[in-house]
Structures are given as structure tokens and as C-alpha cells.
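Encoded as C-alpha cells, the structure appears first; notes follow it.
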Amino acid sequence: MKKYETMEEKLAQIKSLNDQLALATSPIKDKDLVLITLNGFPSEYNALKVVIRARSEAIAVEDLASLLYSEALHIEVDHKSSSSNLTFAYNAT
């Protein structure tokens with residue numbers, strides 16, 4: 001996922017490509033689409049990738065989208081928290 005892309009943009013792009021392939025009579029199975037989607041995300045999403053790949057049952061694309069939104073929010077909060085801590089530590093010295 002590119003730094004400037006929002007989660008909505010990334011998932012919309014993936015859906016659009018999948019829709020185009022379906023129109024060309026080459027639809028991608030949900031299981032494969034999930035794996036392709038996960039491969040497009042940076043290492044910040046590795047924990048989520050491991051959990052999804054380790055599931056005994058396949059995850060629906062809609063459920064994956066929900067999990068990705070949630071993880072994106074978690075990562076954003078974590079980054080903001082880390083930035084605040086660094087600023088505080090710098091100002092304290």
C-alpha cells in the first residue's frame with residue numbers, strides 16, 4: 001500500500017481490478033483475492049496477515065475489508081502515539 005493511499009482507495013482499486021477480471025470471464029476466487037490483497041500491504045500489517053493466513057476457514061472479502069480498516073486505525077493511532085512519545089522525550093532532555 002502506498003503511503004498516500006487511504007484504505008478506501010486501496011480496497012476500491014482491488015475491487016475494481018477484480019470486477020474487470022470478472023467481466024473478462026476470469027474471476028478470482030475469494031480465497032485468492034484475500035491472499036493477493038494481503039500481499040499488497042506493508043510489513044506494518046504482518047501480524048494481521050499471519051492471523052488471516054493461519055485461519056482454518058477462509059475469510060470473506062467483506063470481512064477482510066473490515067479487519068483491514070480496523071488494523072489501519074490501530075496502526076495510525078500507534079504511529080501518533082510513538083510520535084508523541086518521541087516529541088515528549090526530546091522536549092524533556
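Summary table below
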{"quantity": "16 Å cut-off, amide nitrogen to a point 7 angstrom out along residue 30 Cα→Cβ, residues in region 55-80", "calculated": "55-68"}
{"quantity": "Partners for residue 80 among aspartates and glutamates (Cα-Cα distance below 19 Å; same-chain residues under 8 apart left out)", "calculated": "5, 44, 71"}
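Computed from the coordinates by the stated procedures, all read-outs in this text should not be read as laboratory data. Predicted model, so just to flag it, every value in this text is computed and none were measured. As a convention, Cβ positions derive from the backbone with ideal geometry for all residues, glycine included, and neighbour counts pool all protein chains shown.
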